Amino acid sequence: MVERTAWTGRDMGRKAIGQLRLTTSRNIPRWREVFCFVGCMVTIRIGILYSTQGPYAAVGRDCRDGAELAIQHIRHSLPAGIAIEPVYGDPAGESRRYLDLARAMLRDEGCRHIVGAITSLSRKDIIPLIEKYDGLLWYVCPYEGFEANENVIYTGACPNQHLLPLFDYLLPRYGSRAYLVGANYVWGWEMNRLARELIGQAGGEILGERYLPLEEDNADRLLAEVEQQRPDFILNNLIGPSSYAFLAGMRRLADRDPYFAPENCPVVSCDLTECELGEIAGHAATSQLCTASYFDSLDTPHNAAFKQHVAARFGKGRLVSSFFAGAYTAVRLCAETILKIGDDAPVAVRADVRSGPVETVLGELTIDPLTNHAALPFHLGRIKERGGFEILNSRPAVAADPYLVGNRAPRRGSHLRVVR
Amino acid sequence: MSATPTFTGLHALILHRPDEGVERLTRQLERLGLSVSVQWEPLDSDRAQPDIVLVDADQGWSELLPWPAGRSPVPLIALLGSEAPGRIAWAIEHGAGALIAKPIAASAVYPALVLASHIHGERLASADRLTDLLERIRLRPLVHTAVLAIMQARQIEEAEAYHLLRRCAMRRRLTMEHIAAEIVAGIEPLPEAG
């Protein structure tokens, strides 16, 4: 069946694609024959939707750079007659613009795939559009879970891949009297709700739970309460300027009272990466702990080669974050799958990416057909004085469990028991 | 604080004609750890009951669900495309605790499960409480009789007699009605004053 096509080009090209889809949509040699015959260029267009301004601009810039590098690499190995063209959109952190830009990509620009969105808010906003146009969203950021949409491929970690293994490591070593801070939206709320539940199960105690807006740069009230409560550790789910202010404040607190030094009372984050360390004044976050499914300092041959490519494009000093590596991986996976199967229909691309592991900079990547989520490794890193992370603990890739289905014993026979 | 609701190991029954939406619903329920069956015929009350029922409220007829209106023994979710008040009323009448609008969006399934289970739990608890209260109202004359008996036997005022009876019930960890019944029946001796 000939579907709406996202391949752009002259009318002849479109006809050729139609012919291709009717005959041998999965056969690259045939596909090339068709285009040699017609003699026109076919372009794969992929939407890249990241905010490079606004409160989480550092993360957005890293994602966009990762995507750009992937496009550059794919261009080196494109078959003749096929081009790849990214369609960049920069919503600058504004909800309304995410919608407008995503709609333009899907409706007017011929994109059927968008790699993008950082916050859960923006992801939830654009998913209905992605569904309406039957596109595929590639979401690469760690998030709070409780989602599994058929029009989304998730390559960022969810709680069983970040928070659960983090607590497995942390609670026996530092204690279970925790103070929770978070951004005043779903990431902060849900991460802290889950943390409360997990710490409760472990017999621990929550000494406080406070929220700040993303743009807030005054964390004094939180810091005063932390100083008074003296927790064993602090779970930091703040985002952007409020997170930087809090970490800087913790450094001042530690200078005054060694109880709050990172080795005694660490601040642990599940989304703070290489790309944001430069935003924190005076290396204030040094020695604090972070989880990620990728660190620049990972010692693998694949990563060494990858970092050389990054250095060639962005300079030697550039540290790679899990956001950079995630966006790079998603763009490559998306484009290479389209090239491999000769079709950009989301249903076909989705089926193919779920069919088996692919070697990537994140390791051997498997997308679970049940949840559309990637299996991911867990790494815990300690922030080094000059930036980057010293890796303290690693676990091999584990399948995502976005609804935490496997985390609890079945509760059949509880209050849902059949009453006769 | 709320615990993470989980549905692992539960069995969901979808009462709906098979279609693409039902396939999507089935996949999403399986992602959430439930086993799923689909049928478009009345639920057989003799067979093992599912833990959760999702019913097509657009086309459902009353015999599809074997229980009296409003007496659903399991959480019930209405699948509804229509906006017709009659169909919404049908869903309410049969005890739907949540609804999922058609076309079914995957993201609507988990919230509906949580809501319907919660509402169902609340209804069961309310029904238990109501039964308890009705029973106590029915037995209220016994309390009155027991208070009169204590007043006469101990030569005290009504308020003091009531207080004695209440203290006795608390000590024995029984309801006032229960202890009153035992006193009136002569099983329990009259409580001592003071």
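General remarks:
- Residue within the stretch A:263-270 that is under 27 Å from A:Gln53 (Cβ atoms) and modelled with pLDDT under 95 present: no
- A:Ile234 within 14 Å of chain B (Cβ to nearest Cβ) and either part of a strand (DSSP E or B) or surrounded by fewer than 16 Cβ atoms within 10 Å (Cβ to Cβ) (or both): no
- Applying the set (1) modelled with pLDDT under 95; (2) more than 14 Å from chain B (Cβ to nearest Cβ) to A:Arg412 leaves exactly one unmet item: (2).
- Residue tally, condition more than 14 Å from every other protein chain (Cβ to nearest Cβ) and among the charged types (D, E, K, R), over the stretch A:155-205: 3
- Residue, modelled with the lowest pLDDT, within the stretch A:52-96, restricted to residues that are more than 22 Å from A:Ala325 (Cβ to Cβ) and part of a helix (DSSP H, G or I): A:Ser95
- Number of the condition not met by B:His94 [criteria: (1) under 18 Å from the mean Cα position of the chain (by Cα); (2) under 21 Å from B:Val114 (Cβ atoms); (3) within 14 Å of chain A (Cβ to nearest Cβ); (4) without any contact (Cβ under 8 Å) to a residue 40 or more places away in the chain]: (3)
- Check on B:Ala146, part of a helix (DSSP H, G or I), surrounded by 15 or more Cβ atoms within 10 Å (Cβ to Cβ) and either within 11 Å of chain A (Cβ to nearest Cβ) or touching a His at 6+ places or on another chain (Cβ under 6 Å) (or both): no
- Some residue of the stretch B:11-20 being at the interface with chain A (Cβ under 8 Å from one of its Cβ atoms), under 22 Å from B:Leu80 (Cα atoms) and part of a loop (DSSP other than H, G, I, E, B): no
- Qualifying residue in the stretch B:146-155 (condition: without any contact (Cβ under 8 Å) to a residue 24 or more places away in the chain and in the same structural domain as B:Asp19 (by TED's automatic domain parsing)): no
- Residue check for A:Ala224: farther than 28 Å from A:Glu94 by Cβ and small (Gly, Ala, Ser): yes
- Checking A:Leu101 against (1) in a helix (DSSP H, G or I); (2) under 20 Å from A:Arg332 (Cα atoms); (3) not basic (Lys, Arg), the condition it does not meet: (2)
The values are calculated or read from the model by the stated rules, or taken from the named source; none is laboratory data. These figures come from a predicted structure and were not determined experimentally. When we count neighbours, we look across all protein chains shown, and the Cβ atoms used for this are built from the backbone with ideal geometry, even at glycine.
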